[in-house]
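S.K.: What follows is a single structure, and I will ask about it in a moment.
The values are calculated or read from the model by the stated rules, or taken from the named source; none is laboratory data. Owing to the predicted nature of the structure, the values given are computational and were not obtained by experimental measurement. Ideal geometry is used to build each Cβ from the backbone, glycine not excepted, and the neighbour counts take in all protein chains shown.
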Amino acid sequence: MPEFRYSNIEREMEVYGYDSFVKSHCRMCHGGCGVIVYVKNGKVSKIAGDPDCPIAHGTLCAKGLASAQLAYHKDRLTYPVKRIGPKASGKWEQISWDEALDTIAERILTYKEKHGPESVVFGYGTGRENEAVIYRIANVLGSPNVVTAGHFCYGPRICTSIITCGTNPIVDYENFPKCIIMWGNNVTISNPDEYKGEPFSVALDKGANLIVVDPRLTRPAARANVWLQLRPGTDAALALGMLNVIVNEKLYDKEFVEKYTHGWEPFVKRVNEYPLDRVEEITWVPKEKIREAAHLFATTKPAAIQWGVAIEQQTNCADNDRLLMFLMGITGNIDAPGGQVLNRQPNVVNVGQFGAHGMLPKDQFAKRLGGDRFRLASRFAILQPKCVWDAILEEKPYPVKMLFLISTNPLITSANAREVYRALEKVEFMAVADFFLTPTAELADIVLPAATWLEMDYVGDYWKRHGYILPRRKVIQVGECRSDHEMLNDLARRIGQGQYWWNNFEEALDYILHPMNITWNDFKKTNYIRGEVKYYKYKEGGFSTPTRKFELYSTTLEKMGYDPLPQHREPSESPVSTPDLYKEYPYILITGARQPGFFHTENRQIGRLRELDRDPIVEIHPDTAAKEKIKEGDWVIIESRRGSVRQRVRLSLGRDPRIVAAQHGWWFPEKKDPGHGWQESNINILTDNALESCDPAMGASNIRTLLCRIYPEAKGDSHE
Amino acid sequence: MNKHALIIEEFACWGCRACEVACKQEYNPVEADNGIKYLSVWPDGPKRMNGKLDFMWRVSVCKHCDEPACVKACPEDAIMKREDGIVILNYEKCTGCQLCIDECPYHAIRFDEEKKTAAKCNLCHHRVEKGLYPACADNICLAHCIYFGDPAEIEQKILEKRKARGGWGEIIPKAISMSKG
Ligand code: SF4
Ligand code: SF4
Ligand code: SF4
């Protein structure tokens, strides 16, 4: 009888007759799992997990397994095109790379000359580890404007952790936390930055206690010791309540607080403004449960908080992040084994250096859109997208003439989609790089065919804080597709940036790695490189903050003119802040719960992933359904003050009847008209992007918590 | 004799659905979009259980029963239980009468509209015979809850995990009690 072994490469090769295999690093999401790609006749034949990968240990997700279906998709854009009809006419013509890049270069130089480099705005989404090259080209050009999801996704964790404790504290699953709070995410489905579900799952199997903070009953919530089913948008109040218990019952780490924190007294004063009675009233969570969770978290060592994006896409973004760090900090779990570690990256040229932020002249930095208003974001080169749409539409404070959007589909992902549409429709010139002609790309002048992770060499997870870098090795070439890195390297040379770029992108990889005295070719031979592993580093040198302490009272925010202490702010629309509106729109709408096969707007055309979730789903409580005369499976209209869309109903007991939970990211690639159904189920048609509703420091749009109505779709009242 | 079983501890399943896609990858070329499902993951709940809300993911797939109802139901002898424990549906012999589909207590058999036959998980026997794990059981599951091998050993592993978790989890997955019975 043959002996069984996981990922038995030799035997796979033998049995299936593959020609070769390549170990690489998936990038279908933020996860970055090590994979083995089997190749036959020059094509990807199978994708399997790589057990040598320290991130996912050979496990994979639905998206990773379906990557080849993305690479070889029949609708994929495989050569550059230019639009030959009006915007959104769907009329395109194939052009050469030279023509495409020369046209884009000519536009960049013309706008720079006439309107200043700030009139050229670059943008990216969450896709392809391209941030370093995009910032580099923008900074060298002198444009302070790179529009991203950074204002409300991961960027806030970076900004707030830098000002609080120096860097993003990452859960140390390797040393098995004994208590985990999963706060506003589900790592088993979504694999947020730095994290994969596998180590979390293993920690639970080792006996970790689990606390879940989520308005929805997810499987982790069902498995949790304590499920805190909060009112959406009240995370800060809940955290303040837990801190209140920990402070007043003296459950904190006294040595840490005394020696290593800044601002304990004002912090305690602030926390005392949130007694549990008040917190229960704000959050809807019974105070006994808050106390129970606070006790469990503070008295189990080590403990960690698995955090994610939901708390950032809110009015209270920066304070939410800071409060969770305070929970980690004062319980002594920061930089503790099994707690939350301030990792050291391997010694490479870091993303900030590669991004050439130092080359942006001071007077250009001062022109960053929204920079006066969202000062914390701006310090870290992050923009609030509405400032860009406004600059296009109203030409204030100056006109934006050109967008170059790379792996992003803001028409679906950015708040207040109709305004985004007007801006993309008006902007004088727009280039897009993507896999498909998305609804956003259909409004461009030129679309460049981007490479998937299977088609590029890169230093994987280069920008992350988990302490590893892993080689992403090119496996295949599809059509004329090029990686974002290669296309920008080429474009940069056409706009006179040659001296700051490379003959080919492999030289850039050598540059990234050169501090370790290795080249890309050397790195390619390794499975991964890990930075130095060391705990409690602050005990020697303090934290990398202005006070060298863990800042409960932020000296940076104080200097910027913000409240240095965290507080609860009501969402801009809520039963509490807008009771009159609540009468007209009587449900709290939450958005964005993840599906395993999709990555925001991506993968709706991938057969094996779409079959997992055919339709956009809105979950409502059966009581709500009865009241609104809605049945399971009905198509319904969800409406906010800004607009309405249709989604399909799933009845679920797992949420408060006052809450409606809609999916995000929906468009319909199977609809062949150039709109591809972008208005039909796109929840961002409902969301609010008013600057007043954003987080005051980060500019995070509040897309997670608003007010809506929901009612049956009248027959024949389809939106398309 | 080596007895093979595929056992999924549903208590631990997170509903990530990677196993579904792994199975699809094994049986369909990249260009083919869908094709028949041998394994499907579905939400059970949220529902009220003993006054508490509960929510689980269930994984429907052939359990390769010790006394398979499908084998008895098939008038063509197209389904058989092998020595090594695998219950194989022979597509050459299947006439598509669908009697087995009604009889399987786990709803693990589907009708392939294209090929006009019944279709079910044959436990990746082409892999197993060559010493390879079934596609879904080859360490892809983030919960490490898809087990392949000797049922008694698997039972032991699950019991150990349950102990480490502090007693959480079903006592014994159904398939084990079935194969004992
Ligand atoms: S791979 Fe594992 S966790 Fe994911 S759905 Fe399948 S059994 Fe569940
Ligand atoms: S098809 Fe159904 S009855 Fe037959 S072996 Fe599988 S699970 Fe048992
Ligand atoms: S054993 Fe093979 S055929 Fe059966 S469900 Fe798993 S992957 Fe599919």
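S.K.: Kindly list the number of the only condition in (1) of a type in the set (D, E, K, R); (2) more than 27 Å from residue A:190 (Cα to Cα); (3) buried (at least 18 other Cβ atoms within 10 Å of the Cβ) that fails for residue A:623.
M.R.: (3)
S.K.: Select from the range A:626-647 the residues that are buried (at least 21 other Cβ atoms within 10 Å of the Cβ) and aliphatic (A, V, I, L, M) and write down the one among them that is nearest to residue A:590 (Cα to Cα).
M.R.: A:638
S.K.: Something else: Identify the single condition in (1) over 23 Å from the mean Cα position of the chain (by Cα); (2) touching a residue at least 12 places away in the same chain (Cβ under 8 Å) that residue A:594 does not satisfy, given that it satisfies every other one.
M.R.: For residue A:594, the failing item is (1).
S.K.: If you don't mind, another one. Within the range B:153-181, which residues are modelled with pLDDT of 50 or more and more than 12 Å from chain A (Cβ to nearest Cβ)?
M.R.: B:154, B:155, B:156, B:159, B:170
S.K.: Further question: If the Cβ limit is 7 Å and pairs must be 6+ apart or interchain, which residue in the range B:56-67 that is in contact (Cβ under 8 Å) with a residue 40 or more places away in the chain and in a loop (DSSP other than H, G, I, E, B) pairs with which residue that is of a type in the set (Phe, Trp, Tyr) and more than 6 Å from ligand 2 (Cβ to nearest atom)?
M.R.: Listed by first residue and then by second, the contacts come to B:61/B:38.
S.K.: Can you go through B:19, B:62, B:23, B:13 and tell me which one is more than 13 Å from ligand 1 (Cβ to nearest atom) and surrounded by 19 or more Cβ atoms within 10 Å (Cβ to Cβ)?
M.R.: So the residue among B:19, B:62, B:23, B:13 that is more than 13 Å from ligand 1 (Cβ to nearest atom) and surrounded by 19 or more Cβ atoms within 10 Å (Cβ to Cβ) is B:62.
S.K.: A further question on this structure: Working only within the range B:37-80, note down all residues that are touching a helix residue (DSSP H, G or I) at 6+ places or on another chain (Cβ under 8 Å), away from ligand 2 (no atom under 14 Å from the Cβ) and more than 10 Å from every other protein chain (Cβ to nearest Cβ).
M.R.: B:75
S.K.: Can you tell me which residues in the range A:152-199 are assigned to a strand (DSSP E or B) and away from every other protein chain (no Cβ under 14 Å)?
M.R.: Once the filter is applied, which keeps residues that are assigned to a strand (DSSP E or B) and away from every other protein chain (no Cβ under 14 Å), the range A:152-199 yields A:170, A:171, A:181, A:183.
S.K.: While we're on this one: If a residue has to be assigned to a helix (DSSP H, G or I) and facing chain B (nearest Cβ under 7 Å) to count, how many in the range A:41-70 make the cut?
M.R.: Matching residues across the range A:41-70 total 4.
S.K.: Also, I was wondering about something else. Taking the condition of being more than 12 Å from chain B (Cβ to nearest Cβ), free of Cβ contacts under 8 Å to residues at least 40 places away in the same chain and not in a loop (DSSP other than H, G, I, E, B), how many residues in the range A:1-40 meet it?
M.R.: Here the count works out to 2.
S.K.: Next question, about the same structure. Could you please give the count of residues in the range B:98-116 that are in contact with a helix residue (DSSP H, G or I) (Cβ under 9 Å, 6 or more places away or on another chain) and not small (Gly, Ala, Ser)?
M.R.: Total satisfying the criteria: 12.
S.K.: Given the criteria at pLDDT 95 or above, under 27 Å from residue A:384 (Cβ atoms) and over 14 Å from the mean Cα position of the chain (by Cα), does residue A:210 qualify?
M.R.: Spelling it out, it is not the case that residue A:210 is at pLDDT 95 or above, under 27 Å from residue A:384 (Cβ atoms) and over 14 Å from the mean Cα position of the chain (by Cα).
S.K.: In the range B:129-152, which residue that is more than 8 Å from chain A (Cβ to nearest Cβ) and surrounded by 20 or more Cβ atoms within 10 Å (Cβ to Cβ) is farthest from residue A:33 (Cα to Cα)?
M.R.: Result: B:151.
S.K.: Quick test of your reading of the structure: residue B:126 fulfils all but one of (1) more than 14 Å from chain A (Cβ to nearest Cβ); (2) away from ligand 2 (no atom under 12 Å from the Cβ). Name the failing condition by number.
M.R.: Going through the list (1) more than 14 Å from chain A (Cβ to nearest Cβ); (2) away from ligand 2 (no atom under 12 Å from the Cβ), residue B:126 breaks only (1).
S.K.: Show me the helices (runs of 4 or more DSSP H) entirely contained within the range A:306-372 in which 3 or more residues are in contact (Cβ under 8 Å) with a residue 60 or more places away in the chain.
M.R.: A:317-330
S.K.: Another question about this same structure. Does the range A:646-697 hold any residues that are among the aromatic types (Phe, Trp, Tyr) and touching a Lys or Arg at 6+ places or on another chain (Cβ under 8 Å), and which are they?
M.R.: A:666, A:667, A:668
S.K.: Pick from A:597, A:561: which is among the small types (Gly, Ala, Ser) and over 30 Å from residue A:373 (Cβ atoms)?
M.R.: So the residue among A:597, A:561 that is among the small types (Gly, Ala, Ser) and over 30 Å from residue A:373 (Cβ atoms) is A:597.
S.K.: Please go through (1) over 23 Å from residue A:202 (Cα atoms); (2) at pLDDT 95 or above; (3) of a type outside the set (Asp, Glu) for residue A:345 and return the number of the only condition it doesn't satisfy.
M.R.: Checking residue A:345 against (1) over 23 Å from residue A:202 (Cα atoms); (2) at pLDDT 95 or above; (3) of a type outside the set (Asp, Glu), the one that fails is (2).
S.K.: For residue A:439, state whether it is part of a loop (DSSP other than H, G, I, E, B) and over 25 Å from residue A:686 (Cα atoms).
M.R.: When the stated conditions are applied, residue A:439 does not pass them.
S.K.: Within the range A:398-414, is even one residue touching a residue at least 24 places away in the same chain (Cβ under 8 Å), under 24 Å from residue A:698 (Cβ atoms) and among the charged types (D, E, K, R)?
M.R.: no
S.K.: Please enumerate the residues belonging to the range A:517-536 that are touching a residue at least 60 places away in the same chain (Cβ under 8 Å) and polar (S, T, N, Q).
M.R.: Within the range A:517-536, just A:527 meets the criteria.
S.K.: Any residue in the range B:30-52 that's within 26 Å of residue A:632 (Cα to Cα): show its pairings with residues that are more than 16 Å from ligand 3 (Cβ to nearest atom) and hydroxyl-bearing (Ser, Thr, Tyr) at Cβ separation under 8 Å, as long as the two are six or more apart or on different chains.
M.R.: Here the result reads B:46/A:652, each pair linking the range B:30-52 to a residue that is more than 16 Å from ligand 3 (Cβ to nearest atom) and hydroxyl-bearing (Ser, Thr, Tyr).
S.K.: Within the range A:584-593, is there a residue that is within 30 Å of residue A:322 (Cβ to Cβ), among the hydroxyl-bearing types (Ser, Thr, Tyr) and either in a loop (DSSP other than H, G, I, E, B) or in the same structural domain as residue A:197 (by TED's automatic domain parsing) (or both)?
M.R.: No, the range A:584-593 contains no residue that is within 30 Å of residue A:322 (Cβ to Cβ), among the hydroxyl-bearing types (Ser, Thr, Tyr) and either in a loop (DSSP other than H, G, I, E, B) or in the same structural domain as residue A:197 (by TED's automatic domain parsing) (or both).
S.K.: Quick one: which of B:83, B:31 is within 13 Å of another protein chain (Cβ to nearest Cβ), more than 23 Å from residue A:186 (Cα to Cα), more than 16 Å from ligand 2 (Cβ to nearest atom) and in a loop (DSSP other than H, G, I, E, B)?
M.R.: Only one candidate passes the filter, namely B:31.
S.K.: Quick one: count up the residues across the range A:482-501 that are of a type outside the set (D, E, K, R), surrounded by 16 or more Cβ atoms within 10 Å (Cβ to Cβ) and not in a helix (DSSP H, G or I).
M.R.: 4
S.K.: Out of (1) more than 16 Å from ligand 2 (Cβ to nearest atom); (2) modelled with pLDDT under 90; (3) touching a helix residue (DSSP H, G or I) at 6+ places or on another chain (Cβ under 6 Å), what's the single condition that is false for residue B:143?
M.R.: Single failed check for residue B:143: (2).
S.K.: Is there a residue in the range B:88-102 that is within 8 Å of ligand 2 (Cβ to nearest atom) and of a type in the set (Phe, Trp, Tyr)?
M.R.: no
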